[in-house]
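Presented below is the structure to which this report refers.
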Amino acid sequence: MGAIKENTQRTGGERMSESRYKELKTMLEERRREIQAEVQGKMRDVRAAGEVGKLNEVFDAVESSEADIQEEIEFALIQMKSETMNKINDALARLEQGDYGYCFDCGEEIAEKRLRALPFAVRCKDCEEARENAERRERLMAQRRGSSSLFFDM
Ligand SMILES: [Zn+2]
């Protein structure tokens, strides 16, 4: 008995429900942990490869230059991962402010399933598709314009 419990309280006086907030936060934090572990693993690999590379230098110059290329690839990967990490930190900050997970175009909540697959999606599926279609049309128009001007030049 008694009063019906108000269940409309939102974080930050905004629209997001507490359970969605928690789900998204957990999802982003898990992803951050994964990437952190990957980056640390890679750093160890690079360091180990660097030491082996030094030993090989004396024996085989070609092989060590291959190791250098491998090392560069590894560093590029680490860089990409740390950029992703920045994006996740960004998303977490936006989540705290109540800005994360809303469609940039229509302002509706982006489906959680979509955010799990694409954590940095800024549009809901419908708006993204509409945008892609518009872009495709525009490209096609530009193509037509391009080919007709080519035709006139002949
Ligand atoms: Zn939308």
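The values are calculated or read from the model by the stated rules, or taken from the named source; none is laboratory data. In this text, all values refer to a predicted model and were calculated from it rather than measured experimentally. Heads up, the Cβs are rebuilt from the backbone with ideal geometry, glycines too, and the neighbour counts pull from every protein chain shown.
Would you confirm, using the coordinates I've provided, whether PHE59 is at pLDDT below 90, of a type in the set (Phe, Trp, Tyr), part of a helix (DSSP H, G or I) and on the phi < 0 side of the Ramachandran plot? Can you show your working first?
On the way: at pLDDT below 90: yes; of a type in the set (Phe, Trp, Tyr): yes; part of a helix (DSSP H, G or I): no; on the phi < 0 side of the Ramachandran plot: yes.
Criteria not met by PHE59.
How many of the residues making up the stretch 93-116 are within 16 Å of the ligand (Cβ to nearest atom) and out of contact with any strand residue (DSSP E or B) (no Cβ under 8 Å at 6 or more places or on another chain)?
Total meeting the criteria: 11.
Only one of (1) out of contact with any Cys (no Cβ under 9 Å at 6 or more places or on another chain); (2) modelled with pLDDT of 95 or more fails for TYR102. Which number is that?
(1)
What number of residues in the stretch 117-132 are in contact (Cβ under 8 Å) with a residue 60 or more places away in the chain and near the ligand (Cβ under 10 Å from one of its atoms)? Talk me through it step by step, then tell me what you get.
Residues of the stretch 117-132 in contact (Cβ under 8 Å) with a residue 60 or more places away in the chain: 119.
Applying the additional criterion that residues be near the ligand (Cβ under 10 Å from one of its atoms) yields none.
Adding up the residues that qualify gives 0.
Which members of the stretch 80-135 meet the condition of being more than 18 Å from the chain's Cα centre (by Cα) and loosely packed, with under 12 Cβ neighbours inside 10 Å?
Across the stretch 80-135, the qualifying residues are GLN97, GLY107, GLU129, GLU132, ASN133, ALA134, GLU135.
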